[in-house]
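Working notes, beginning with the structure itself.
The values are calculated or read from the model by the stated rules, or taken from the named source; none is laboratory data. Since this is a predicted model, take the numbers as computed values, not measurements. Note: ideal-geometry Cβ built from the backbone for every residue, glycine included; neighbour counts use all protein chains shown. We work out accessible area using only protein heavy atoms, side chains counted, and drop any ligands, DNA or RNA first. Shrake-Rupley method; radii C 1.70, N 1.55, O 1.52, S 1.80 Å.
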Amino acid sequence: MFRRLLGASALVAVLIGMSVVPASAGEDGSNRGDRRISVSGAVVVTSDEVVDGSVVSFDGSVTVDGTVDGNIFVADGRVVIRGRVTGGILVAHGDVLISGTVGDDVVALDGRITTRDGARVDGDVKSRREPDVAPGTVTGDVKKLDIQNLYSGILFVFLVYLWIAVTLSVALLGLLFVLLFPRAADATVAAGRKFWPTVGWGALVGIVGPILAILVLVTIVGIPFGLGMLSALNVLAPLGYVASSLILGRLMVKGTSTGARIGAFFAGFGILRAVALVPGLGAIAWVLVCIYGLGALTQAAWRAGRVAPGTRAPEAAGPSPTVPPTVPPTIPPAPATAP
């Protein structure tokens, strides 16, 4: 099943810009037809047929006794070429047997390529299992693919892309949070200084919250509410990461100016993104950091909701200025009147 899904995913890009036609196109008596695309089932090109375009099969074999004026892409299935293919052949999972002619490379990511006497491949032959090639049938290179290294390289590129995308998006979110809501940022930092209450609130929102949302989804009436809770958590999780970055950075960068807030955020954010580069530890750090930040945000929002309008929270307010006592004015005595 995994190999089929992998192969199907690899072929999605092939279908972009291609019009889907039935797999039986060209079998209505005509000798020439458009490309063939089959989701399930075998594709057969008879000896008197010419396919003008590519042949694509997601789950099924491909047999070519005629001519395919294009390429062949197969996700899961065997390929047999007894006729002529002007393009190349790519098979995600399956073997390839060639006794005819192929005009370009033949690649089997999870299978073996075999060429018989009289066959001709005007390109390279590459397969995960050792290719069985008859002498003089391949003009290019014949190689055995190291599929493990190939998948590892793809995974590495994807993880690097994911790290860059998350870093840029969360950095922008944090910058906007500090610039647009400076008081909320200060209140969040003040709340995050209390470790255990922050951890408790974060666990309540970040762990218990998703569990409750999933339980609510079981009921038909609660599906909209459950989906709304999960969507809200998807938005709040990056904001929790921003809050934790700001709390960590405030341990190193002090000050009440806008520049100090921005510097504190990027100081903490840089440390956390460096930790995210450690394999295995990065995912765990993301979860814990988001939970802690959610706890700080929840406490700050709770306290802000309980403060009367026009006043400041105790953490945000500084020491009360000393007001000199009010001295009542001295009233001079009234002048005495003559008797």
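R0 = 22 Å: FRET efficiency of residue 175 with residue 257, Cβ-based, nearest 0.05?
Numbers: r = 15 Å, r/R0 = 0.69.
Efficiency, rounded to the nearest 0.05: 0.90.
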Here the stretch 64-69 yields Karplus 3J(HN,Hα) values (6.51, -1.76, 1.60; θ = phi - 60°; whole Hz; Gly and Pro given as x) of 10, 9, x, 10, 10, 8
Note, the stretch 47-62: 3J(HN,Hα) by Karplus (6.51, -1.76, 1.60, θ = phi - 60°), whole Hz, Gly/Pro = x, goes 5, 9, 10, 10, 9, 8, x, 7, 10, 10, 9, 7, 8, x, 7, 10
By the Kirkwood definition, with r running over pairs of different Cα atoms, the stretch 242-294 has a hydrodynamic radius in Å of 11.2 Å
Using each residue's phi in the stretch 156-165, evaluate 6.51 cos²θ - 1.76 cosθ + 1.60 at θ = phi - 60° and report the 3J(HN,Hα) Karplus result to the nearest Hz, with x for Gly and Pro. 5, 4, 5, 5, 5, 4, 5, 4, 5, 5
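Assuming R0 = 51 Å, can you tell me the calculated FRET efficiency for the pair residue 124 and residue 277, based on Cβ-Cβ distance, to the nearest 0.05? Could the numbers behind the result be given before it?
Numbers: r = 36 Å, r/R0 = 0.70.
So, using R0 = 51 Å, E works out to roughly 0.90.
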Highest average packing first - 152-165, 73-86, 116-129, Cβ atoms within 10 Å: 73-86, 116-129, 152-165
Average accessible surface area per residue within the stretch 181-253, 1.4 Å rolling probe, Å²: 56 Å²
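What is the stretch 196-271 by shape, rounded, prolate or oblate, if you read a ≥ b ≥ c off the alpha carbon gyration tensor as root eigenvalues and call it rounded for a/c under 1.5, prolate for a/b larger than b/c, and oblate otherwise? Before the final figure, lay out each step's value.
On the way: a/c = 4.26, a/b = 2.78, b/c = 1.53.
Here the stretch 196-271 falls in the prolate category.
Stretch residue 132-residue 211 to full length: gain in nm at 0.36 nm per residue minus the Cα-Cα span? Please list the in-between numbers first.
Working: separation 79, 0.36 × 79 = 28.44 nm, distance 5.41 nm.
Difference between extended and current length: 23.0 nm.
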Quick one: net charge of residue 255's neighbours, Cβ under 14 Å, K/R +1, D/E -1? +2
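Report the calculated FRET efficiency for residue 151 and residue 112 (r = Cβ-Cβ distance, R0 = 30 Å), to the nearest 0.05. Intermediate values should be presented prior to the final figure.
On the way: r = 18 Å, r/R0 = 0.61.
Calculated value: 0.95.
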For the stretch 53-208, shape from the Cα gyration tensor axes a ≥ b ≥ c, cut at a/c of 1.5 then a/b versus b/c, turns out prolate
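First check a/c for the stretch 148-237, with a ≥ b ≥ c the square roots of the eigenvalues of its C-alpha gyration tensor; if it is under 1.5, answer rounded, and if not, answer prolate when a/b is larger than b/c or oblate otherwise. Before the final figure, lay out the partial values.
Numbers: a/c = 2.01, a/b = 1.12, b/c = 1.79.
Because a/c hits 1.5 or more and a/b fails to exceed b/c, the stretch 148-237 counts as oblate.
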